[in-house]
1. Placing +1 on the Cβ of each Lys and Arg and -1 on the Cβ of each Asp and Glu in the range 64-142, which of A74, T100, L111 has its Cα farthest towards the positive end of the resulting dipole?
2. Give the Rg/Rh ratio for the range 64-142, taking Rg as the radius of gyration of the Cα atoms and Rh as the Kirkwood radius, to two decimals.
3. Modelling each spin label as a point 7 Å along the Cα-to-Cβ direction, I'd like the Q129/M21 distance in nm, to one decimal.
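Read the figures in this text as sums done on the coordinates, not as results from a lab. All figures in this text were calculated on a predicted structure; none of them were measured in a lab. Please note: Cβ atoms are built from the backbone with ideal geometry, for glycine as well, and neighbour counts cover all protein chains shown.
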Amino acid sequence: MSRPPSAESSGASSRLVDAAMGLYARATASAGQLRERATATWAHVADVVPRNAPRHMVGLDSHHTGHVELPLFARYAMVGMLLVVCLLVNAWSRIDIRQTSLAVYDAEVELQRARAENARLRLELASLQDPAALSVAAEQLELASDVAIVDVPRHH
């Protein structure tokens, strides 16, 4: 069975309403004070910082590219560019090493060919300077054999 509201219960509910109204009044007053403080703070920042100053230096900047901050994106871009430069230097050095080794191989082949040519020419020179070979060649050409051969010393 329900009882009719008594004076006590109506007093308690009115106290509850009064307490809620007091909390609401304090909250709105606090919000107003916070708003005044923020306005005063930003007014002070506006006095100290020039109007055309970069916003990221003042702490007002919250630019995002997607969900990544621009300074973080710039760091990744720099690391990426550094990686690309390293890869390009590595590729360039490998190509340069291959070209150099090919040039060395070609030079070695040319050197061996020149050494063989030099050996052939020395042999031919020795055969041309041999007195016995000269006598045989003179008889084949029917040259006079009674001519005296004189050795002439070399002067350097």
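1. Selected residue: A74.
2. Working: Rg = 33.0 Å, Rh = 19.0 Å.
Using Cα coordinates only, the ratio equals 1.73.
3. Distance between the two pseudo-spin positions: 13.4 nm.
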